[in-house]
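> After the structure tokens below, expect a handful of questions from me.
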């Protein structure tokens with residue numbers, strides 16, 4: 001849209017210069033400018049109407065909402081910072097709308113007040129920004145957990161705790177053990193030969209699951225993964241060091257052996273989440 005509008009502006013300016021060339025005594029400059037404003041508005045209005053109509057069937061009410069947005073911009077000063085602020089607010093508003101749709105109640109006045117305080121601060125501390133980022137993810141996940149818990153309760157679904165899950169797993173699998181670090185593991189195939197050292201390069205098949213059984217990551221379909229054990233979470237490294245080449249195991253690792261209090265940036269793993277990994281050690285290099 002931006003390039004399209006710039007093209008129209010250039011076309012409009014060329015037309016005005018042409019009109020003025022025809023009026024050497026400048027007698028028609030005012031009327032040309034007035035006409036240009038009217039024609040520009042009608043031209044762009046027609047083009048945008050056509051684009052929106054081709055994109056989707058837009059109703060009269062939706063068109064009026066569109067015009068309210070235009071009037072806000074046209075009613076402000078033409079300061080670049082003001083317009084940029086409006087763009088940021090529009091993006092933030094979309095994100096807040098998404099939270100609202102998920103069931104999280106948002107106080108937009110509180111959002112704006114705290115944005116203002118942070119934005120007008122004379123100093124910018126990286127540690128504070130990181131702290132706010134971590135706190136936001138934790139609170140967001142807590143809010144979603146509360147919403148999901150309420151839905152489960154409403155539907156009669158009883159959610160087990162991490163400890164209850166591990167106790168049930170060990171009761172169903174008497175050979176399962178828990179290490180001093182808190183890693184619960186069940187070796188299904190011991191494997192052969194030496195077990196990998198903590199800094200070994202390995203080739204593995206794996207599937208990572210949440211406690212509800214849903215998969216968040218897997219090598220299936222992509223082929224075996226190759227990496228150094230120093231580059232993986234502690235529970236994964238410790239678990240692979242328990243089996244030899246060809247070995248298979250199920251690992252249940254608490255958050256401090258997995259992705260900790262922050263989870264993953266994309267939200268696929270929640271803060272403080274206990275995880276399950278099914279692993280197969282194909283090779284040690």
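> When you check residue 241 against the structure, is it touching a residue at least 40 places away in the same chain (Cβ under 8 Å), closer than 19 Å to residue 176 by Cα and surrounded by fewer than 20 Cβ atoms within 10 Å (Cβ to Cβ), yes or no?
Yes; evaluated as a whole, the condition is true for this residue.
> Which of the residues spanning region 72-86 are in a helix (DSSP H, G or I) and either surrounded by 10 or more Cβ atoms within 10 Å (Cβ to Cβ) or in contact with a helix residue (DSSP H, G or I) (Cβ under 6 Å, 6 or more places away or on another chain) (or both)?
Correct list: 72, 73, 82, 83, 84, 85, 86.
> Please state which one of 133, 127 is under 22 Å from residue 264 (Cα atoms), at pLDDT 80 or above and exposed (fewer than 12 other Cβ atoms within 10 Å of the Cβ).
127
> If we scan region 211-234, do we find a residue that is assigned to a strand (DSSP E or B), touching a residue at least 12 places away in the same chain (Cβ under 8 Å) and within 18 Å of residue 175 (Cβ to Cβ)?
Taking every residue of region 211-234 in turn, none turns out to be assigned to a strand (DSSP E or B), touching a residue at least 12 places away in the same chain (Cβ under 8 Å) and within 18 Å of residue 175 (Cβ to Cβ).
> On to the next question. So how many residues does region 263-285 have that are in contact with a helix residue (DSSP H, G or I) (Cβ under 7 Å, 6 or more places away or on another chain) and surrounded by fewer than 17 Cβ atoms within 10 Å (Cβ to Cβ)?
0
> Moving to a separate point now. Take residue 239 and decide whether it is in the same structural domain as residue 169 (by TED's automatic domain parsing) and not in a loop (DSSP other than H, G, I, E, B).
Yes: the conditions hold for residue 239.
> So which residues in region 137-159 are assigned to a loop (DSSP other than H, G, I, E, B) and exposed (fewer than 12 other Cβ atoms within 10 Å of the Cβ), if there are any at all?
Correct list: 155, 156, 157, 158.
> List every residue pair whose Cβ atoms lie under 7 Å apart, where the two residues are 6 or more positions apart in sequence or sit on different chains, the first residue falls within region 81-101 and is farther than 13 Å from residue 111 by Cα, and the second residue, located anywhere, is modelled with pLDDT under 85 and not in a helix (DSSP H, G or I).
So the pair list comes out as 82/76.
> Of all residues in region 160-197, count the ones that are part of a helix (DSSP H, G or I), more than 33 Å from the chain's Cα centre (by Cα) and in contact (Cβ under 8 Å) with a residue 40 or more places away in the chain.
The number of residues fulfilling the criteria is 0.
> Given the criteria in a loop (DSSP other than H, G, I, E, B), free of Cβ contacts under 8 Å to residues at least 60 places away in the same chain and out of contact with any strand residue (DSSP E or B) (no Cβ under 7 Å at 6 or more places or on another chain), does residue 267 qualify?
no
> So, in region 91-109, of the ones that are touching a helix residue (DSSP H, G or I) at 6+ places or on another chain (Cβ under 9 Å) and in a helix (DSSP H, G or I), which residue ends up modelled with the lowest pLDDT?
102
> Looking at 223, 246, which one is over 26 Å from residue 268 (Cα atoms) and assigned by TED's automatic domain parsing to the domain that holds residue 275?
246
> From the list 232, 215, 204, 189, which one is out of contact with any strand residue (DSSP E or B) (no Cβ under 7 Å at 6 or more places or on another chain) and in the same structural domain as residue 275 (by TED's automatic domain parsing)?
232
> Follow-up question, since we're still on this one. Going by the structure shown, is residue 235 under 22 Å from residue 167 (Cβ atoms) and touching a helix residue (DSSP H, G or I) at 6+ places or on another chain (Cβ under 9 Å)?
Yes: the conditions hold for residue 235.
The values are calculated or read from the model by the stated rules, or taken from the named source; none is laboratory data. Computed from a predicted structure; not experimentally measured. Ideal geometry is used to build each Cβ from the backbone, glycine not excepted, and the neighbour counts take in all protein chains shown.
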